[in-house]
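Undergrad: Sharing a structure below in structure tokens format, with a few things to ask.
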Amino acid sequence: MRPPRAGWGARGGPVPDPSPPSPLSPPLSDASEGCTVRDRAASVGAVCHDPSLGETPLAAASPRPIGDPGAGPAKLAKEYAAQYPKEYAAQYPKDGLDNGVIAGYTAASLYGEALTKACAAKDLTREGVDKTLLTITAFGKDFGMSHNFSDPTAPSTRESVIMKPDAGTPGGPKVVRPAEAAAAANSYTPKK
């Protein structure tokens, strides 16, 4: 079974979230109180309505979506389409690329980098790979924000982009606000 299109629930709509909205996403406006959470291929974000954008649902996410013209998403979409055009189109004739491609690519790239460092340190044990993962402090800049894995008790980034659905953008969501961190995200201290 393939993952749902990025930004939409498995059944094609929002999944209600009984918890209050996350303070870790940049505030959109005072109207962001009625947020819901949607399950998504790449990440889970708060979906809100900003009166300045009408009734368009918005989602906070990390990283940028597959249809974004930024360096990382554009290069990945081009390489993926060149390598798998027939296989993907044959298996999913009605669908284009979605953020599942970015999620898989970034996860594999991150662990590939950790394994390369662990191999160079001649320690491919679980502990050795964990140790090298903690040395990765600027990962994924091409996808909109840098991730720092040096503190295993903290989020790798406190930034998110704000997206809205756009039928003309490959993958569906379009970035309407660049990466930034909300004040609550910057002041958040995880329990240790």
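Please treat every number below as a calculation from the coordinates, not as lab data. In this text the structure is predicted, and so the values were computed from the model without any measurement. We place every Cβ from the backbone using ideal geometry, glycine too, and count neighbours over all the protein chains shown.
Undergrad: Calculated FRET efficiency, residue 122 and residue 94, Cβ-Cβ r, R0 45 Å, to nearest 0.05?
TA: 0.40
Undergrad: Continuing with the same structure: Towards the positive end of the charge dipole of region 101-192, with charges on Cβ (+1 Lys, Arg; -1 Asp, Glu), say which of 124, 109, 184 has the farthest Cα.
TA: 184
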